[in-house]
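What follows is a set of notes on a single structure, which appears directly below.
The values are calculated or read from the model by the stated rules, or taken from the named source; none is laboratory data. Everything numeric here is computed off the predicted structure, so don't read it as measured data. In this analysis, Cβ positions are derived from the backbone assuming ideal geometry, glycine residues included, and neighbour counts consider all displayed protein chains. Accessible surface areas use protein heavy atoms only, side chains included; no ligands, DNA or RNA. Shrake-Rupley method; radii C 1.70, N 1.55, O 1.52, S 1.80 Å.
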Amino acid sequence: MKNPDDDARPHMGSPHADAAGPTAQTPVAGLLRVLVVDDEPLARLRLRSLLAEIAEPVSAVVGEAEDAAGALRVLQTQPADLVLLDIAMPGSGGLPLAAQLASQPGAPAVVFVTAHAWHALEAFDLDAVDYLTKPVRRERLQAALRRVAQRRGSAAAGAALAADEPVLVVSDRGRVLRVPLAEVLYLRAELKYVTLRTPTRSLVLDDSLADLEQRLGEGFIRIHRNALVARRAVRALERRPLPGGDADAWAVRVAPLDEWLAVSRRQVTAVRQALEEGDSA
């Protein structure tokens, strides 16, 4: 039996670009032109519905495709600012498509929309703006759209692309997040998890401290077997009593939190050197 909605939706035997008037081919300030790529018709329909419910930032679906080949055909004739991209699809799949798009000048931003979380780190290596797991919630989709809009920047403000800012990709209780390195103050291992601290929030990470240390680079210093601190955040090194620790232990003061973290004896020299280098900079 024919579904009456079939005439209203694109047939995925061939890629489809929506007739969206002047917004389809011509960039409009503040409008995100979206291509939806998913082999499941219901998944595409849900994304369309969610996009229609989001008032800000404004978006318009300019096309749909059920696989990577179809998406490329749409993009040949229909520019897009954002591709909402499934990973597991017939053919080459979403990850190779994202890699191919990333190598092209003026490529659209990519937000992965998938049923599984295990490709998240690989997805961010491809410079994906976000990684959403199904079923997609409107609030998460809106947050992703805002990140895309931020990347595009405002022509009036001349904002730089957010992609230029170094970030640390971490897993916070199952959520994959991009945390700007400039915000990270310290990381501390506690029992079976790691706490990441910024000036405004604490994140509980599933990543190991050893793995994080390798990814953070020289901007961070190990002050204890259970803690890494941003060199720029170290403000003082002195002996002082610490809660639950020695009455006369070495500790560093972390700005702007004004928190004191324990320093192991073997790391005192390295921390003192970091402070001296900061003073001479």
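Tabulated results
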item	result
Tally, over the stretch 241-263, of residues that are over 19 Å from ARG197 (Cβ atoms) and modelled with pLDDT of 90 or more	1
Residues that are open to solvent by 90 Å² or more (accessible area, probe 1.4 Å) and more than 19 Å from VAL268 (Cα to Cα), drawn from the stretch 204-231	ASP206, GLN214
Counted residues, the stretch 65-88 - those being touching a helix residue (DSSP H, G or I) at 6+ places or on another chain (Cβ under 9 Å), over 18 Å from ASP127 (Cβ atoms), among the hydrophobic types (A, V, I, L, M, F, W, C) and surrounded by 23 or more Cβ atoms within 10 Å (Cβ to Cβ)	1
Residue satisfying condition, being open to solvent by less than 10 Å² (accessible area, probe 1.4 Å) and assigned to a strand (DSSP E or B), within set LEU132, LEU101	LEU132
Some residue of the stretch 183-194 being modelled with pLDDT of 90 or more, in contact with a Leu (Cβ under 9 Å, 6 or more places away or on another chain) and part of a loop (DSSP other than H, G, I, E, B)	yes
Residue that is in contact with a Leu (Cβ under 8 Å, 6 or more places away or on another chain) and farther than 30 Å from HIS116 by Cα, where the choices are LEU257, LEU242, LEU177, LEU205	LEU257
Candidate set from the stretch 207-230 (those that are hydrophobic (A, V, I, L, M, F, W, C) and assigned to a helix (DSSP H, G or I)); member that is nearest to PRO166 (Cα to Cα)	LEU216
Pairs, first over 17 Å from ARG188 (Cα atoms) and part of a strand (DSSP E or B) in the stretch 246-257, second modelled with pLDDT under 90 and not charged (D, E, K, R), C-beta under 7 Å, six or more apart	ALA249/LEU242
Residues being surrounded by 16 or more Cβ atoms within 10 Å (Cβ to Cβ) and within 17 Å of GLU183 (Cβ to Cβ) - total across the stretch 232-256	3
